[in-house]
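Okay, so here's the structure we're looking at.
The values are calculated or read from the model by the stated rules, or taken from the named source; none is laboratory data. Quantities reported herein were computed from a predicted structural model and do not represent experimental measurements. In this analysis, Cβ positions are derived from the backbone assuming ideal geometry, glycine residues included, and neighbour counts consider all displayed protein chains. Note: accessible area is taken over every heavy atom of the protein model, side chains too, but ligands, DNA and RNA are not part of it. Shrake-Rupley method; radii C 1.70, N 1.55, O 1.52, S 1.80 Å.
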Amino acid sequence: MRGIKVGVVDSYRFAKGGDEAVSVTTRIDEGVPVHAGAAAYIKRNLVTGIASVEINNGPSDSALLDEIPKGERYPVIAEGSSDIDKVATAVSRLAVNGAQVLEKMNTLLSDENQRSVTQTLANLNELSGHLAANKESLDAAVQGIRDASDEFRFAGASISQAATRAEGSIVSVGQNANAALKEATLAMEKLQHDAG
């Protein structure tokens, strides 16, 4: 534990289930606190190759590991992973991701895609050349659009003024028609009276 010898391997056996796991029984020195949440893993000395069981103890404020699971004779320390295992896993993932990136780069840089990109760049070059060559025509077209917009704005103002004037005339004609109808009604009533 933390690089200090705190016990010995007493025995080992292959775990049931066929997942190639090994169950290791260790005898830990009396007085060594093993906390709940501890994890054990195999640690190898890179120079000598000698393996040992390293215990990464759980949080120091957690309870001591003393619960014995059903079917076991002693408390069980969960399997953990060493820093080297974590690095090996990360390197393996990095290699897989790198292979996928290279595959995508190969697809991106395929002959067909290179031809398509070259054609697209040629089209853009041609388009920019046409735009540069026809700059005066484009400027004239833009100016024409501005002029037409101004004309529409002026026409709209004129239509609005004409509508306002027409509204006044229509009201006046309506009033005159109303007066004429009143006079005609009176004349009809008088005529009816005279006829009677």
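Below, the figures for the structure above:
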item: Residue satisfying all of: in the stretch 52-62; open to solvent by 70 Å² or more (accessible area, probe 1.4 Å) and part of a loop (DSSP other than H, G, I, E, B); modelled with the highest pLDDT among these; result: D61
item: Unique match (being open to solvent by 70 Å² or more (accessible area, probe 1.4 Å), at pLDDT below 85 and not small (G, A, S)) among D111, D150; result: D111
item: Residue satisfying condition, being touching a helix residue (DSSP H, G or I) at 6+ places or on another chain (Cβ under 8 Å) and free of Cβ contacts under 8 Å to residues at least 60 places away in the same chain, within set R27, R44; result: R44
item: Scan of the stretch 11-32 for residues that are within 20 Å of S60 (Cβ to Cβ) and in contact with a strand residue (DSSP E or B) (Cβ under 6 Å, 6 or more places away or on another chain), ordered by number; result: I28, D29
item: Qualifying positions in the stretch 1-46 - within 21 Å of K86 (Cβ to Cβ) and not in a strand (DSSP E or B); result: M1, R2, G3, D19, E20, A21, G37, A38, N45, L46
item: Condition met for S169 (hydroxyl-bearing (S, T, Y), in a helix (DSSP H, G or I) and either open to solvent by 80 Å² or more (accessible area, probe 1.4 Å) or at pLDDT 80 or above (or both)); result: no
item: Residue match in the stretch 86-99 (condition: at pLDDT below 85, within 30 Å of V9 (Cα to Cα), in a helix (DSSP H, G or I) and open to solvent by 70 Å² or more (accessible area, probe 1.4 Å)); result: yes
